[in-house]
1. Are there any pairs with C-beta distances below 6 angstrom linking a residue in the range 153-173 that is more than 21 Å from A137 (Cβ to Cβ) and at pLDDT 85 or above to a residue that is among the aromatic types (F, W, Y) and assigned to a helix (DSSP H, G or I), with the two at least 6 apart or on different chains, and if so which?
2. Write out, first by first residue and then by second, each pair whose Cβ atoms fall under 9 Å of each other, whose residues are 6+ apart or on separate chains, and whose first residue, in the range 1-28, is part of a strand (DSSP E or B) while the second is modelled with pLDDT of 90 or more and polar (S, T, N, Q).
3. Which residue out of Q44, Q63 is under 13 Å from the mean Cα position of the chain (by Cα), outside the structural domain of H144 (by TED's automatic domain parsing) and not β-branched (V, I, T)?
4. Collect the residues in the range 75-86 that are of a type outside the set (K, R) and free of Cβ contacts under 8 Å to residues at least 24 places away in the same chain, keeping them in residue-number order.
5. Take G131 and tell me if it is over 19 Å from W47 (Cβ atoms) and within 16 Å of the chain's Cα centre (by Cα).
6. May I ask you to say which residue of K12, K54 is under 19 Å from E151 (Cβ atoms) and outside the structural domain of R150 (by TED's automatic domain parsing)?
7. Residues that are assigned to a strand (DSSP E or B), under 27 Å from K12 (Cβ atoms) and either among the charged types (D, E, K, R) or in contact with a His (Cβ under 8 Å, 6 or more places away or on another chain) (or both): does the range 121-131 have at least one?
8. Within the range 88-111, track down each residue that is closer than 21 Å to K54 by Cα and either touching a Phe, Trp or Tyr at 6+ places or on another chain (Cβ under 6 Å) or part of a strand (DSSP E or B) (or both).
Amino acid sequence: MFDTTQLTLEVKNLDSPDERRSMDNGVLDVVNLPGATIAKAVFQPGWKWSSDIKPLVGTDSCQVGHTGYVVSGRFHVRMDDGRDLDLGPGDAHVVAPGHDAWVVGDEPCVIIDYAATGSPVTGRVGRCPCGVEFRVASDEQLDHLVAAIREHASGSHDHQLTAEHVLAEVTAS
């Protein structure tokens, strides 16, 4: 748990990330800080969650919530309930789990995504043995949480985790 009584001063640079996740049409650079995980996503024209990520995680829509800021480019988000939103440079946003998203236009879209860690947010939390934290809003999304942690461990560290091992480490938040 993140101790807010300590005076913390730490910096990491997204140009030297703790983790880099490459995918078709995009790259995600991640730094882990005390109490926060911050990521810089660079999505190329043609990137779409339902085409580029859905086959990896096996859910109908993205089940991760996002709090972020669009640095450049344009992005479109469609919620599972049909609501749509266009995002552009300078837009700060909160997007709940249950959405698809894609790059709009011919310019790459750069987004900074922020996730508080170790704080009292509802849902379930799981961690890769490396310490990277994953979170879902409800028990109905546990399969997605397990798949994301297993994919991260395999792709980033060549670790093969069983679903049982991951579930044994999942906690309520």
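1. none
2. As it stands, the answer is G26/Q44; V27/Q44, since those pairs meet every condition given.
3. Numbers: Q44 fails: under 13 Å from the mean Cα position of the chain (by Cα).
None of the others qualify; the one that does is Q63.
4. Residues of the range 75-86 that are of a type outside the set (K, R), as a first pass: 75-77, 79-82, 84-86.
Within the range 75-86, M79, D80, D81, G82, D84, L85, D86 meet the criteria.
5. Working: over 19 Å from W47 (Cβ atoms): yes; within 16 Å of the chain's Cα centre (by Cα): yes.
So G131 passes the test.
6. Numbers: K12 fails: under 19 Å from E151 (Cβ atoms).
So the residue among K12, K54 that is under 19 Å from E151 (Cβ atoms) and outside the structural domain of R150 (by TED's automatic domain parsing) is K54.
7. First, pick out the residues of the range 121-131 that are assigned to a strand (DSSP E or B): 124-127.
Restricting the remaining residues to those that are under 27 Å from K12 (Cβ atoms) gives 124-127.
Among the residues that remain, those that are also either among the charged types (D, E, K, R) or in contact with a His (Cβ under 8 Å, 6 or more places away or on another chain) (or both) are: 124, 127.
Yes; the residues of the range 121-131 include at least one that is assigned to a strand (DSSP E or B), under 27 Å from K12 (Cβ atoms) and either among the charged types (D, E, K, R) or in contact with a His (Cβ under 8 Å, 6 or more places away or on another chain) (or both).
8. Step one: of the range 88-111, the residues closer than 21 Å to K54 by Cα are 94-104, 108-111.
Listed by number, the residues that qualify are V94, V95, H99, D100, A101, W102, V103, V104, C109, V110, I111.
The values are calculated or read from the model by the stated rules, or taken from the named source; none is laboratory data. None of the values given here were measured: they were computed from a predicted structure. Methodologically, a virtual Cβ is constructed for each residue, glycine included, from the backbone with ideal geometry; neighbour enumeration extends over all protein chains shown.
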